[in-house]
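Participant: Can you read through this structure? Questions will come right after.
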Amino acid sequence: MIECWVGTFNVAAGLQPNKKQLKHWLNQQGIDILGLQEVDEWTKRNPYSMVKHLEEIYSNRYFSKAIVFEEGEYGNAILTRFPILSQDTVSFKEYGLEKRVYQKVLLEIMGKQIALYNIHLSFESPVIRQSQISDLLDELTKETAAYKIILGDFNIDQ
């Protein structure tokens, strides 16, 4: 049996989260695999690497840029205590005001392959989100890993 804690969190980079509080909170949670959305990497509003800031907790990190923003990058990140065997970033075919991407990483835990997807769906309309979900479902039908985990901000609270 595979046992690990999995979590997802939209860090709301636009609100300039307190990086020390975020790191402390994440460390307390004991999460082994974490998907983050709205991650800033070296932007004017957050002039540091959010992903590198968490390296003491997560030795394996993968950031995917969705857009160039304020002279830096903005996107999603997967952080894990397990080695990443492969990684990929895929752009959704349709999106609203901001380009959106999803991440896919392959992990091996206790001899089992796990495909991990981290998404951030567009907020503008259910029609766009449905298209993005279709893109993801198409990808999942091709997935050969024994286990699949989807993390993300689905923006379905409107």
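Participant: For a Förster distance of 22 Å, can you work out the FRET efficiency between the beta-carbons of I133 and V68, rounded to the nearest 0.05? Could the numbers behind the result be given before it?
Facilitator: Details: r = 26 Å, r/R0 = 1.17.
After rounding to 0.05, the efficiency reads 0.30.
Participant: Cross-chain or 8 or more residues apart, Cα under 18 Å: how many lysine pairs in the chain fit that? Count them up, please.
Facilitator: Within the chain, the lysine pair count is 17.
Participant: Would you mind computing, in nm to one decimal, how far apart the modelled labels at Q113 and R45 are, each placed 7 Å from Cα along Cα→Cβ?
Facilitator: Rounded to a tenth, the inter-label distance reads 3.9 nm.
Participant: Can you give me the C-alpha center-to-center distance between segment 1-37 and segment 58-114, rounded to a whole angstrom?
Facilitator: Taking the Cα centre of each part, segment 1-37 and segment 58-114 sit 14 Å apart.
Participant: Also, I was wondering about something else. Magnitude of the Cβ-charge dipole of segment 1-118, K/R +1 and D/E -1, about the Cα centre, nearest 20 debye?
Facilitator: On the way: 14 positive and 14 negative charges, 16 e Å.
For segment 1-118, the charge dipole is close to 80 debye.
Participant: Tell me, what is the Rg over Rh of segment 79-128, with Rh the Kirkwood radius over Cα pairs?
Facilitator: On the way: Rg = 13.8 Å, Rh = 12.4 Å.
Value, to two decimals: 1.11.
Participant: Further question: How charged is the neighbourhood of G14? Take every other residue with its Cβ under 15 Å from the Cβ of G14, and add Lys/Arg as +1 and Asp/Glu as -1.
Facilitator: On the way: positive: K19, K44, R45; negative: E38, D40, E41, E70, E73, E98, D153.
With Lys, Arg at +1 and Asp, Glu at -1, the neighbours total -4.
Participant: Hey, for a label at L97 modelled as a point 7 Å past Cα toward Cβ, could you say which residues of segment 110-128 have their backbone N under 16 Å away?
Facilitator: Under cut-off, by backbone N: 121-126, 128.
Participant: Also, I was wondering about something else. So if I average 1/r over every pair of distinct C-alpha atoms in segment 1-50 and take the inverse, what Kirkwood radius in Å does that give?
Facilitator: Taking every pair of different Cα atoms in segment 1-50, averaging 1/r and inverting gives 11.9 Å.
Participant: Right, another one. Stokes-Einstein at 10 °C, 1.306 mPa s, Kirkwood radius from Cα pairs: D for segment 116-158 in µm² s⁻¹? Intermediate values should be presented prior to the final figure.
Facilitator: Working: Rh = 11.1 Å.
In µm²/s, the coefficient rounds to 143.
Participant: Quantify, in whole percent, the carbon and sulfur part of the accessible surface of segment 1-80 (1.4 Å probe; protein heavy atoms only). Display every interim value, and only then the final one.
Facilitator: Values: 2120 of 4200 Å².
Carbon and sulfur together cover 50 percent of it.
Participant: Expressed in whole Å with the largest first, what are the equivalent ellipsoid semi-axes of the chain derived from the C-alpha gyration tensor as the square root of 5 times each eigenvalue? Don't jump to the answer; show the numbers that get you there.
Facilitator: Numbers: eigenvalues 103, 96, 33 Å².
They are 23, 22, 13 Å, listed largest first.
Participant: Show me, for segment 67-79, the HN-Hα J-couplings you get by feeding each phi into the Karplus relation (A = 6.51, B = -1.76, C = 1.60, θ = phi - 60°), rounded to Hz, glycine and proline as x.
Facilitator: Going residue by residue, I get 8, 7, 8, 6, 6, x, 10, 9, x, 10, 9, 10, 10 Hz, with x marking Gly and Pro.
The values are calculated or read from the model by the stated rules, or taken from the named source; none is laboratory data. Nothing here was measured: the structure is a model prediction, and the numbers come from that model. Cβ sites come from the backbone with ideal geometry, for glycine too, and all protein chains shown count toward neighbours. The accessibility values were calculated without ligands, DNA or RNA, using every heavy atom of the protein model including side chains. Shrake-Rupley method; radii C 1.70, N 1.55, O 1.52, S 1.80 Å.
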